[in-house]
Amino acid sequence: MIRNLPPHWDLEADVVALGSGIGGLSAAITAHENGASAIVIERSDQVGGVTALSMGEVWVAGNHHAAELGIEDSVDSGFRYLQRLAMGYGSDLATLNKVVHARQALKYFEDRIGLRMEVIRGCPDYYYGATNDSVAEGRMLECVPFAGATLGEEWQPRTRLSPQMPYGLTHHDMFAAGGVANMVKWDFALMGERLTRDERCLGPGLAAYFVKGALDRGIPLLTGASAEELIGDGERIVGVRVVRDGQDLYVKANRGVVVAVSSYERNQDLNKTLSQQLELGSIVFSTVDGSNFRLAGPVGARIARVPDITSLGMRVPGEEDEEGHPMYRSMLAVIGQPHTIVVNRAGKRFGNEAFYRSFYYTIDQIDGGTQTHPNFPCWVVIDSQVREKYPFASIMPGQDWPEGFGFVADSIRELAGRIGIDADALDATVARFNAHAEKGEDPDFGRGSHPWSAWMCGDPYHKPNANLGPLVKPPFYAVELERLGGSAIPAAGLLTALHCRVVDWHDRPIPGLYAAGNSVARMETGAVMQSGVSNARGMTFGWLAARHATGDPSTALEAEVKRMGL
């Protein structure tokens, strides 16, 4: 254990939470509710963290909202579901820890801070239909719209919004109108009313509930403050050195420091060396750059890694994010729509475009014989039916195609020439795809066979298959896709023991040091990331960490371990 005590302390609290997303805020609120003082340190000028950039989904097996709707579910079933998806890359104990405590944490914050959640109706687990422990609906929750004005004049504009998410609508609003594919049918009048009143849905709404919970308790939110170094007294972590306005501030933590600073997605060196992803684009802000490792590494924290979450995106000319950088748009929903395919440099499809958990694993596949990535670079190819009916990134039906955006041609063969791939191969690929798509089939990759695919990116009005439609109407379009991060959901993170205590390389908890959210290694999900788990683990782990730090550790896991014989 390090000993680097400062000459004086500038600030003091029982629990110091680093990061103002759902992980840090849940820890600070829980500490306060347990009679301890808390402070939140945030590197950027806004609060809400990556939580505010998300879709706001929270995955909780066996939750009380589902039960009230008569949906059968249980902790045991949720555990078996995640255990199977982890494929041995995770830890059964970590999986059970998350599933057991998530529904307790959910109820806790609903009771304490007025968090209002409801079931996203019709939203199935990723693998519904493939495993008996998946459900057709009930585990995925979202918040009821949050009134932004209740944050107050100071914090309303400083609580983060999302430039990518349509946060004026709930999942119910969007999917009752036909989902992402039918964006033109959404109730934009309702969206306008909500935005005018600053009623926040999705991630911005979820984050705002927790920001409001901290503000109501008088918990200081110290923004523009970068945590640079953990401080130890030779036996435990007792504080953190923070830099604000160029000056060092020493913040004493009487009971614990909770590292909840997200991951490292904006650090290309760490993307390459901790994950295995090259030239990764990102939709998150620049402060998400691996400070969890820089803080915890010098005190001996152990790092663990599971398989990567890779995604695909594109940049539409002229669009910029909040920091003035070119804005990336996720193509998760777009490439699974009818009349759309993705092809590699050989002009061939290489996976199920409508189910990203299978498709994105193929992007970074290496051909050892040629030492190439055969499926990257790759291109999304659409016909004019897409342009007439569906959104394409931020381009709506009927909207002009941006100058210099990809390639346009009157035939598939001409399009292949403009992309620079073999015309015969692309022609054959489209012909085969079309013949089967007319019948609503994809014998090559099973596209359209997952209920989640139809819900997320299909067109429910398109028959016979919501995810399949032939490419037949010219002109045709092709846009090269880029690697995109998983919204700061990392492959690597800090390894934690029970109660979210960070462990060292001897697997011993480091006294006084905790972690929550995307700073933590995903040992509870292993190989697969189910939507909604990231926000759930932030909420749950912050709650667990603060309970332990304040002398009120949960004992629920021990009882479940004994009951299940693990």
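The values are calculated or read from the model by the stated rules, or taken from the named source; none is laboratory data. Fair warning: this is a prediction, and the values are worked out from it, not measured in the lab. Counting neighbours? That spans all protein chains shown, and the Cβs are built from the backbone with ideal geometry, glycine included. With ligands, DNA and RNA removed, areas are computed over all heavy atoms of the protein, side chains included. Shrake-Rupley method; radii C 1.70, N 1.55, O 1.52, S 1.80 Å.
Here is how the numbers come out for the structure above:
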{"item": "Extension gain from PHE188 to MET396, taking 0.36 nm per residue of separation minus the Cα-Cα distance", "result": "73.5 nm"}
{"item": "Hits among lysines - C-alpha to C-alpha of LYS562 under 18 Å, sequence gap 8 or more where chains match", "result": "LYS98"}
{"item": "Relative contact order [Cα under 8 Å, 6+ residues apart], the chain, whole percent", "result": "24 percent"}
{"item": "Set of lysines near LYS212 by C-alpha distance (under 23 Å), chain-local residues within fewer than 8 positions excluded", "result": "LYS107"}
{"item": "Value at 222 nm in deg cm²/dmol, rounded to 500, when DSSP H runs of n ≥ 4 in the chain each add -39,500 (n - 2.57)", "result": "-8500 deg cm²/dmol"}
{"item": "Candidate lysines - alpha carbon under 25 Å from LYS463, same-chain residues fewer than 8 apart omitted", "result": "LYS185, LYS348, LYS389, LYS439, LYS473"}
{"item": "Leading residue at positive end of dipole, the chain (Cβ point charges), from LEU566, PRO307, VAL288", "result": "LEU566"}
{"item": "Neighbour net charge for TYR167 - beta-carbon separation under 12 angstrom, K R +1, D E -1", "result": "-1"}
{"item": "Carbon + sulfur, % of accessible area of the chain - ligands and nucleic acids excluded, 1.4 Å", "result": "49 percent"}
{"item": "Relative contact order of segment 83-154, pairs being alpha-carbon contacts under 8 Å that are 6 or more residues apart, as %", "result": "22 percent"}
{"item": "Point-to-point label distance, GLU319-SER74, nm (Cα→Cβ direction, 7 Å offset)", "result": "4.5 nm"}
{"item": "Å² of accessible area per residue within the chain, as computed with a 1.4 Å probe and no ligands counted", "result": "37 Å²"}
{"item": "Antiparallel bridges, percent of DSSP beta bridges restricted to the chain (to nearest 5)", "result": "70 percent"}
{"item": "Extension gain from ALA346 to ALA136, taking 0.36 nm per residue of separation minus the Cα-Cα distance", "result": "71.8 nm"}
{"item": "Charge sum, other residues only, whose C-beta stays under 9 Å from LEU221's C-beta, Lys/Arg counted +1 and Asp/Glu -1", "result": "0"}
{"item": "Structure-derived mean projected area of the Cα convex hull in nm² - corresponding label in (1) 25.6; (2) 30.5; (3) 37.0", "result": "(1)"}
{"item": "Gyration tensor verdict on segment 338-399 (Cα atoms; rounded if a/c is under 1.5, prolate if a/b is larger than b/c, oblate otherwise)", "result": "prolate"}
